[in-house]
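The values are calculated or read from the model by the stated rules, or taken from the named source; none is laboratory data. Since the structure is predicted, the reported quantities are computational estimates derived from the model, not experimental observations. Don't worry about glycine lacking a Cβ; one is built from the backbone with ideal geometry, like all the others, and counts go over all protein chains shown. Side chains are part of the model used for accessible areas, which takes the heavy atoms of the whole protein and leaves out ligands, DNA and RNA. Shrake-Rupley method; radii C 1.70, N 1.55, O 1.52, S 1.80 Å.
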Amino acid sequence: YLALQRRDISKSSRLKSAEDVANMSDGEQMLRKIIEPYKGKIILLDIWGTWCSPCEEGLKHSQEEYKRLKDYDIVYLYLANRSPDKAWKNVIKEYEVLGDNVVHYNLPQDQQQAIENFIGVKGFPTYKLIDREGNVLDVNADPRYDLEGLAKLLEKINN
């Protein structure tokens with residue numbers, strides 16, 4: 001636990017600031033702004049919270065997921081819901097939800113809610129695939145129960 005606490009990820013370029021979407025309130029516009037740097041890549045969006053046991057269960061398998069899907073040029077985008085900063089960083093460290101293609105946001109609640117409303121979040125965690133053009137796809141992208149199915153879906157999208 002102490003080693004985890006001492007691990008400093010605060011300067012990681014993968015922990016993004018809400019400044020990226022400062023003064024924005026429209027969920028679609030904020031999401032477009034957040035994914036803009038990754039246009040041309042497939043994005044697996046994971047909306048989760050530190051208070052959510054199924055979310056943490058999914059995050060436990062992040063490294064396995066990254067290895068299995070490494071051939072698909074994916075960006076993993078994590079948006080945390082109602083998660084205190086310290087708890088958010090601790091969960092990221094504990095489950096090693098880190099990598100060159102991993103991006104985290106912990107937005108203010110009103111902005112997070114606006115994005116969730118745009119996407120149609122009904123429960124946690126929520127997984128969405130965003131194609132190379134920035135379209136949010138209406139597909140089952142939950143890697144927790146069917147990682148092979150997600151790999152097959154990514155294969156179709158890649159072709």
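Structural remarks
- Any chance residue 133 is in contact (Cβ under 8 Å) with a residue 60 or more places away in the chain, open to solvent by 60 Å² or more (accessible area, probe 1.4 Å) and either among the aliphatic types (A, V, I, L, M) or farther than 24 Å from residue 24 by Cα (or both): no
- Qualifying residue in the stretch 29-42 (condition: exposed (fewer than 12 other Cβ atoms within 10 Å of the Cβ), of a type in the set (D, E, K, R) and at pLDDT 90 or above): yes
- Within the stretch 146-157, residues that are closer than 11 Å to residue 68 by Cβ have Cβ atoms under 7 Å from residues that are charged (D, E, K, R) and open to solvent by 40 Å² or more (accessible area, probe 1.4 Å) in these pairs: 147/68; 151/68, counting only partners at least 6 apart in sequence or on another chain.
- Pairs are defined by a Cβ separation below 8 Å, a sequence spacing of at least 6 or placement on different chains, a first member in the stretch 14-33 that is closer than 15 Å to residue 118 by Cα, and a second member that is among the basic types (Lys, Arg); the pairs so defined are 24/33.
- Single unsatisfied condition, residue 103 versus (1) β-branched (Val, Ile, Thr); (2) modelled with pLDDT of 95 or more; (3) assigned to a helix (DSSP H, G or I): (3)
- Taking the listed residues 101, 117, the one that is surrounded by fewer than 16 Cβ atoms within 10 Å (Cβ to Cβ), within 23 Å of residue 36 (Cα to Cα) and touching a residue at least 12 places away in the same chain (Cβ under 8 Å) is 117, with no other qualifying.
Condition check ((1) at pLDDT below 95; (2) more than 14 Å from residue 30 (Cβ to Cβ); (3) of a type in the set (Asp, Glu)) across all residues:
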{"site": "94", "(1), (2), (3)": "yes, yes, yes"}
{"site": "98", "(1), (2), (3)": "yes, yes, no"}
{"site": "117", "(1), (2), (3)": "no, no, no"}
{"site": "126", "(1), (2), (3)": "no, yes, no"}
{"site": "129", "(1), (2), (3)": "no, yes, no"}
{"site": "140", "(1), (2), (3)": "yes, yes, no"}
{"site": "145", "(1), (2), (3)": "yes, yes, no"}
{"site": "149", "(1), (2), (3)": "yes, yes, no"}
{"site": "153", "(1), (2), (3)": "yes, yes, no"}
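- Considering (1) open to solvent by less than 30 Å² (accessible area, probe 1.4 Å); (2) part of a loop (DSSP other than H, G, I, E, B); (3) in contact with a Gly (Cβ under 9 Å, 6 or more places away or on another chain); (4) touching a residue at least 40 places away in the same chain (Cβ under 8 Å), the lone condition that residue 111 does not fulfil carries the number (2).
- All conditions in (1) closer than 24 Å to residue 131 by Cα; (2) open to solvent by 10 Å² or more (accessible area, probe 1.4 Å) hold for residue 62, with the sole exception of (2).
- Test: residue 78 is of a type in the set (Phe, Trp, Tyr) and within 11 Å of the chain's Cα centre (by Cα): yes
- Residue check for residue 105: hydroxyl-bearing (Ser, Thr, Tyr) and in contact with a strand residue (DSSP E or B) (Cβ under 9 Å, 6 or more places away or on another chain): yes
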